[in-house]
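Undergrad: First the structure, then my questions, so here it is.
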Amino acid sequence: MMKAVKWTEDDVRFMREAHDLAKSAEGRTTPDPMVGSVLVKGGRIISMGYHGEVTTPHAEAWAIQKAGEEAAGCTLYVNLEPCCFFARKNNPPCTEAIIKARIKRVVVSMKDPNPGVNGKGLAKLKRHGIKVDVGLLEEEARKLNEVFIKWITTHRPFVALKSAVTLDGKIATRTGASRWVAGPEALRYAHHLRNIYDAIIVGVNNVLVDDPRLNVRLVKKVKDPIRIVLDAYARTPLKAKVVNSRGGRTIIVVSQRAPANRVALLAAKGAEILTLPAPRGMIDIRSLLKELSKRRMTSLLVEGGGEVNASFLEGKLVDKAAFIIAPKFFGGREAKTAVEGKGVAKPAQAVWLKSVHLERLGEDILVTGYL
């Protein structure tokens, strides 16, 4: 049995610094994980590094490079196991850099679930006489890289479902009007989510009614998500903002029944056309997720209407949900709700959220949890 490590206050403090560094690149490292590292000697931080973007140096290598000769004898704190293979020409194995720098101790939050690593990096460091301690703030580390863990272990994107609803569960009035259900703080939060997920998806009805841009506007911009529209019959208007406004590239997902002339016109507007099976006129979501994973998209934000939301939930394809509840009522038996579809027959069959977290967004309440 492995002996439990007695973590010091300094261990925890320096590892939290590494986590914060990793999170500073949230949404920019796809398909890589977020990694931060801190080099410490004599209780003092010598240098720090983080994996800023997919083409930039890895966190450990960056910190070691900045430290120079001072790296010798240091303790390295890093939220994820150092890699032991060539990811790209400009990113050699971090284990080599650690060994070469003569680092004395490496503290790691969690093993890398990537089958190409998964303990091999730690084993190599130990073989070279480096003290390795694993498990500090592991739960926080797993949450930090929940997107990467899902993608690398299942070959499927991490799916987050976001919706803004009234107290009576409505996402629009009986006339279809939905701007705005929630307040300005909630809207900024929604744009924050767009800012950190690889792609955003809506149904064509959302495009027809609201004509959204699906880009990032209300927060400090890092990147726009790839815009995906589920549109089995290619009904997206040629003047729609999703194919004419600034933002990430647009993918229109159609079925083989989509009129060829409509598909050609949308492609001429610059939209990428993806043809997938659509039983009963609904795009097959599992096929879509497989296709997105092949394209190295690790995360997907669902901002669909009730039917799109239901298709993901009924297929048990949602990993995380974020519901913004506005303290107001719309009423109306014809008004749309956040989750349509067939629904469950008995209360005992309800879909439950786990690890639920509540917070205020102005006058609204944000409820997040995992499925």
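The values are calculated or read from the model by the stated rules, or taken from the named source; none is laboratory data. Note that the structure is a prediction, hence the values are computed from the model and not measured. All Cβ positions, even for glycine, are placed from backbone atoms using ideal geometry, and neighbour counts span all protein chains on display. The accessibility values were calculated without ligands, DNA or RNA, using every heavy atom of the protein model including side chains. Shrake-Rupley method; radii C 1.70, N 1.55, O 1.52, S 1.80 Å.
Undergrad: What pairs from Lys294/Lys316; Lys316/Lys336; Lys294/Lys346 go past 27 Å between their alpha carbons?
TA: From the list (Lys294/Lys316; Lys316/Lys336; Lys294/Lys346), the Cα-Cα distance tops 27 Å for Lys294/Lys346.
Undergrad: Give me the three principal axis extents of segment 240-356 from the C-alpha atoms, as integers in angstrom, largest value leading.
TA: Projected onto its principal axes, the Cα set of segment 240-356 covers 47, 31, 28 Å.
Undergrad: For Ile46, tell me the accessible area in Å² from a 1.4 Å probe, rounded to the nearest 10.
TA: 30 Å²
Undergrad: Which value in deg cm²/dmol, rounded to the nearest 500, describes the helix-derived mean residue ellipticity at 222 nm for the chain, given -39,500 (n - 2.57) per DSSP H run of n ≥ 4 and division by the residue count?
TA: Computed mean residue ellipticity for the chain: -8000 deg cm²/dmol.
Undergrad: Between Rg and the Kirkwood Rh of segment 76-169, both from Cα atoms, what is the Rg to Rh ratio?
TA: When Rh is taken as the Kirkwood radius, the ratio is 1.14.
Undergrad: At q = 0.16, 0.20, 0.23 Å⁻¹, what is the log10 ratio I(q)/I(0) for segment 283-339, with the Debye formula run over Cα points and no solvent?
TA: Rounded to two decimals, the profile gives -0.61, -0.85, -1.02.
Undergrad: Which links in Lys170/Lys241; Lys143/Lys241; Lys6/Lys223; Lys241/Lys354; Lys66/Lys220 stretch past 31 Å when you go from one Cα to the other? Provide the component values of the computation, followed by the final result.
TA: Details: Lys170/Lys241 25 Å; Lys143/Lys241 34 Å; Lys6/Lys223 41 Å; Lys241/Lys354 36 Å; Lys66/Lys220 28 Å.
Over 31 Å Cα-Cα: Lys143/Lys241; Lys6/Lys223; Lys241/Lys354.
Undergrad: Rounded to a whole number, what is D in µm²/s for segment 35-85 from Stokes-Einstein with the Kirkwood radius over alpha-carbon pairs (25 °C, 0.890 mPa s)?
TA: This corresponds to a translational diffusion coefficient of 225 µm²/s.
Undergrad: Quick one: give the max-minus-min coordinate of the C-alpha atoms of segment 1-151 along each principal axis, largest first, in Å.
TA: 35, 33, 28
Undergrad: Just reorder Glu60, Glu26, Glu363, Glu140 by solvent-accessible area, largest first, 1.4 Å probe, all chains present.
TA: Correct descending sequence by accessible area is Glu363, Glu140, Glu26, Glu60.
Undergrad: To continue, here is another question. Once you have the Cα-Cα distance between Thr173 and Arg188, take 0.36 nm times their residue separation minus that, and quote the gain in nm to one decimal.
TA: 3.2 nm
Undergrad: Quick one: what are the phi-derived ³J(HN,Hα) couplings along segment 222-239, Karplus 6.51/-1.76/1.60 with θ = phi - 60°, whole Hz, x for glycine and proline?
TA: Once θ is set to phi - 60°, the couplings for segment 222-239 become 10, 7, 9, x, 5, 9, 10, 10, 7, 8, 3, 10, 6, 8, 4, x, 5, 9 Hz.
Undergrad: Then there is this: Which value in nm describes the separation of the simple spin-label points at Gln256 and Thr154, placed 7 Å from the Cα toward the beta carbon?
TA: My value for the distance between the label points is 2.9 nm.
Undergrad: Using the alpha carbon gyration tensor of segment 171-262, what are the three equivalent-ellipsoid semi-axes (square root of 5 times each eigenvalue), largest first, in whole Å?
TA: Semi-axes from the Cα gyration tensor: 24, 17, 10 Å.
Undergrad: State the percentage of accessible surface on the chain attributable to carbon and sulfur atoms; use a 1.4 Å probe and exclude ligands, DNA and RNA.
TA: After summing per-atom areas, the C and S share lands at 54 percent.
Undergrad: What accessible area, in Å² to the nearest ten, does a 1.4 Å probe give for Asp20?
TA: That residue has around 100 Å² of solvent-accessible surface.
Undergrad: Taking 0.36 nm per residue of sequence separation and subtracting the Cα-Cα distance, how much length would be gained by fully extending the chain between Asn244 and Arg296, in nm to one decimal?
TA: 16.2 nm
Undergrad: Right, next: In square angstrom, what is the accessible area per residue of the chain with a 1.4 angstrom probe?
TA: Numbers: 18600 Å² over 371 residues.
Accessible area per residue: 50 Å².
Undergrad: By a straight-distance test (C-alpha under 18 Å), which lysines pair with Lys221 as possible cross-link partners, with residues fewer than eight away in the same chain excluded?
TA: Cα-Cα hits under 18 Å: Lys23.
Undergrad: In whole angstrom, how far apart do the alpha carbon centroids of segment 329-360 and segment 113-177 sit?
TA: 25 Å
Undergrad: What per residue convex hull volume, in Å³, do the alpha-carbon atoms of segment 121-162 yield? Could the numbers behind the result be given before it?
TA: On the way: hull volume 3.3 nm³, N = 42.
In segment 121-162, the Cα convex hull volume per residue is 78 Å³.
Undergrad: Return P(r) of the chain (all Cα-Cα pairs; 20 Å bins starting at 0; whole %; ordered from short to long distances).
TA: Spelled out bin by bin, the chain gives 27, 49, 23, 1 percent.
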